Amino acid sequence: MTLTQNKKIFQVIIGVVALIIVVILISIIFALSSSKKADQKTISYAIVPPQKDVVLSTNIQELKKNLIASPIKNDNDDLLLYKDTNFYIEYITSPDVFFVKITSNTKSSKQDAQKWFTSKGFKQEDLCLISVRFMLTTTDLRKENPNFSSLPDGCSGQPIKKP
């Protein structure tokens, strides 16, 4: 064999090895991304969208208006209304929802947040009408609470009939 023939064989071997390495790397990346997607599916939960066509009483409308008028922080119509070590409450103008984002101590945080709303004059059943929704902010909380409901206690998620 001549030096030129050895060089061509060497180039072919290098090309095949490089191709094998690329295929292995693509397989590893695909396997990792598939396992992350599967993990995310097992910990997801649904947030019930707000009801449309709900007519609020004048009293509830006034309480809601007062609550929205006093944010701690206004960030492009996302209003921070309350912040605690275990949860915070935001009002999102569109789609007209109060999000309670729970950061720790799930059961008592949800109860404390509902008490915060009732301390502002709302009744527990009003929380269904004004579209209060609860979210767990970490993967660990979602794993620990697979049956967590995004609705306030006592809300069924069924359409609310007009009075």
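Each value in this text was obtained by applying a stated rule to the coordinates, not by laboratory testing. This one's a predicted model, so the numbers in the text were calculated from it and none came from an experiment. No Cβ is skipped: glycine too gets one built from the backbone with ideal geometry, and neighbour counts run over all protein chains shown.
Nearest-5 percent of antiparallel DSSP beta bridges in the stretch 58-144?
Approximately 75 percent, going by the DSSP bridge assignments.
Using a simple spin-label model with points 7 Å from Cα along the Cα→Cβ vector, what separation in nm is obtained for V55 and N105?
Those two pseudo-labels are separated by 4.2 nm.
With charges set only on the Cβ (+1 for Lys and Arg, -1 for Asp and Glu), what does the dipole of the stretch 58-144 come to about its Cα centre, in debye to the nearest 20?
Charge dipole, the stretch 58-144, about its Cα centre: 220 debye, nearest 20.
Apply 1/(1 + (r/R0)^6) to the Cβ-Cβ distance of T137 and K65, taking R0 = 30 Å, and write down the FRET efficiency to the nearest 0.05. Please report the intermediate quantities before stating the final value.
On the way: r = 28 Å, r/R0 = 0.92.
In this case the efficiency is close to 0.60.
Find how much the distance from T118 to A31 grows on full extension, using 0.36 nm per residue of separation minus their present alpha carbon separation; answer in nm with one decimal.
Working: separation 87, 0.36 × 87 = 31.32 nm, distance 4.83 nm.
Result: 26.5 nm gained on full extension.
Which is farthest toward the positive dipole end of the stretch 58-144 among F122, L79, N66, measuring Cα position about the Cα centre, with Cβ charges +1 (Lys, Arg) and -1 (Asp, Glu)?
F122
For the stretch 58-144, count all C-alpha to C-alpha pairs, find those more than 23 Å apart, and express that count as a whole percent of the total. It would help to have the intermediate numbers written out before the result.
Values: 708 of 3741 pairs.
Within the stretch 58-144, distances greater than 23 Å cover 19 percent of Cα pairs.
A 22 angstrom limit on the alpha carbon distance is what I want to check against. Which of K64/K115; K64/K143; K83/K107; K101/K123; K123/K143 exceed it?
On the way: K64/K115 15 Å; K64/K143 33 Å; K83/K107 17 Å; K101/K123 20 Å; K123/K143 31 Å.
Violating the 22 Å limit, Cα to Cα: K64/K143; K123/K143.
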